[in-house]
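Data first, discussion second: the structure below is written as structure tokens.
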């Protein structure tokens with residue numbers, strides 16, 4: 001199994017839609033591929049984070065716009081002519097013609113003739129379409145009347161069309177799709193929810209950096225960073241974000257809760273053991289110093305102090321351990 005196929009199956013497996021035999025094959029691939037394994041962990045973390053928020057119904061304008069686009073694309077497809085349907089039927093039944101070579105030959109001859117006729121009709125249709133577009137160029141009138149500007153924003157749908165009696169004047173009512181904008185305090189629940197969603201925005205590192213920075217500043221200032229909200233978003237960013245700057249800001253935001261929240265403490269310990277950036281690992285050691293007497297923290301620090309590949313990390317760990325109480 002290659003990584004591209006594994007990424008597709010990771011999504012299906014996360015939502016319980018992957019057959020058992022494919023799931024076993026995926027597990028074998030993940031065991032040998034660290035990159036795909038990290039991909040699955042990130043997807044599961046994002047799924048867990050998304051489940052913490054209520055399902056938001058899509059904006060009606062967005063649904064309408066999508067439906068209109070789909071209908072336009074379907075309308076743009078040329079209708080199948082009789083020879084195309086006939087040719088499709090030939091292809092569907094071709095496997096049944098192996099025992100009838102004469103009939104197959106006749107059908108192939110008919111199909112070739114139909115294809116030639118179809119090509120001629122298609123060329124004729126293209127020429128007629130080009131001529132129609134050329135004739136549709138508006139001709140200037142002596143008295144054009146008042147000019148109404150075309151809609152500047154994208155049209156979502158047409159809600160009503162009314163023609164004035166005994167006139168060529170038509171009133172058209174339409175709805176436009178416009179970007180949404182919200183402004184509010186950092187204490188506003190709506191603003192906070194948008195920031196938490198932005199912290200998992202994989203398409204823009206700048207958006208993630210800004211959102212995680214604001215959330216971390218709120219936590220450092222002691223502004224109600226509940227465990228089931230902002231802290232979860234920061235822990236996900238610390239564990240899985242690919243940007244060192246984003247992970248560092250998330251670690252700083254979690255610092256006030258290392259002593260009181262075991263989940264935060266575990267996340268910081270994971271950063272110490274697994275993060276690729278030595279600066280973040282050293283910062284994690286500093287944040288763990290207030291809880292250095294904890295058995296689990298002391299065990300991890302001892303392991304890092306004795307066997308880590310980075311000399312600076314070993315030195316910082318030993319310094320923290322030397323300041324820890326001998327008895328717990």
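Would you pick out the residues in segment 173-189 that are modelled with pLDDT under 75 and outside any loop (DSSP other than H, G, I, E, B)?
Result: 174, 175, 176, 177.
Name the pairs whose Cβ atoms lie under 6 Å apart, with the first residue in segment 286-298 and more than 14 Å from residue 323 (Cβ to Cβ) and assigned by TED's automatic domain parsing to the domain that holds residue 251, the second at pLDDT 85 or above and surrounded by 13 or more Cβ atoms within 10 Å (Cβ to Cβ), and 6 or more positions between them or separate chains?
From segment 286-298, the pairs are 287/255; 287/258; 287/268.
Only one of these is farther than 27 Å from residue 216 by Cα and part of a helix (DSSP H, G or I): 318, 279, 298, 265. Name it. Before you say what the answer is, go through the steps one by one.
Details: 279 fails: farther than 27 Å from residue 216 by Cα; 298 fails: farther than 27 Å from residue 216 by Cα; 265 fails: farther than 27 Å from residue 216 by Cα.
318 is the lone residue from the list that is farther than 27 Å from residue 216 by Cα and part of a helix (DSSP H, G or I).
One line per residue, one yes/no per condition, for (1) in a helix (DSSP H, G or I); (2) within 21 Å of residue 298 (Cβ to Cβ); (3) free of Cβ contacts under 8 Å to residues at least 24 places away in the same chain:
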{"site": "206", "(1), (2), (3)": "yes, no, yes"}
{"site": "213", "(1), (2), (3)": "yes, no, no"}
{"site": "217", "(1), (2), (3)": "yes, no, no"}
{"site": "253", "(1), (2), (3)": "yes, no, no"}
{"site": "270", "(1), (2), (3)": "yes, yes, no"}
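Step by step: first the residues of segment 303-314, then only those that are surrounded by fewer than 14 Cβ atoms within 10 Å (Cβ to Cβ) and assigned to a helix (DSSP H, G or I), then the one that is farthest from the chain's Cα centre (by Cα). Which residue is that?
Residues of segment 303-314 surrounded by fewer than 14 Cβ atoms within 10 Å (Cβ to Cβ): 303, 306-307, 309-312.
Those left that are additionally assigned to a helix (DSSP H, G or I): 303, 306-307, 311-312.
Values: 303: 38, 306: 41, 307: 39, 311: 39, 312: 38 Å.
This residue is 306.
Hey, any hits in segment 231-247 for a residue that's more than 19 Å from residue 46 (Cβ to Cβ) and touching a helix residue (DSSP H, G or I) at 6+ places or on another chain (Cβ under 9 Å)?
yes
If you check 37, 50, 95, which single one turns out to be surrounded by 10 or more Cβ atoms within 10 Å (Cβ to Cβ), in a helix (DSSP H, G or I) and at pLDDT below 70? So that I can check it myself, show each step before the final result.
Numbers: 37 fails: at pLDDT below 70; 95 fails: surrounded by 10 or more Cβ atoms within 10 Å (Cβ to Cβ).
That would be 50, the only listed residue that is surrounded by 10 or more Cβ atoms within 10 Å (Cβ to Cβ), in a helix (DSSP H, G or I) and at pLDDT below 70.
Look at segment 200-227 and say how many of its residues are modelled with pLDDT under 80 and either within 22 Å of the chain's Cα centre (by Cα) or assigned by TED's automatic domain parsing to the domain that holds residue 44 (or both).
Result for segment 200-227: 6.
The values are calculated or read from the model by the stated rules, or taken from the named source; none is laboratory data. In this text, all values refer to a predicted model and were calculated from it rather than measured experimentally. We place every Cβ from the backbone using ideal geometry, glycine too, and count neighbours over all the protein chains shown.
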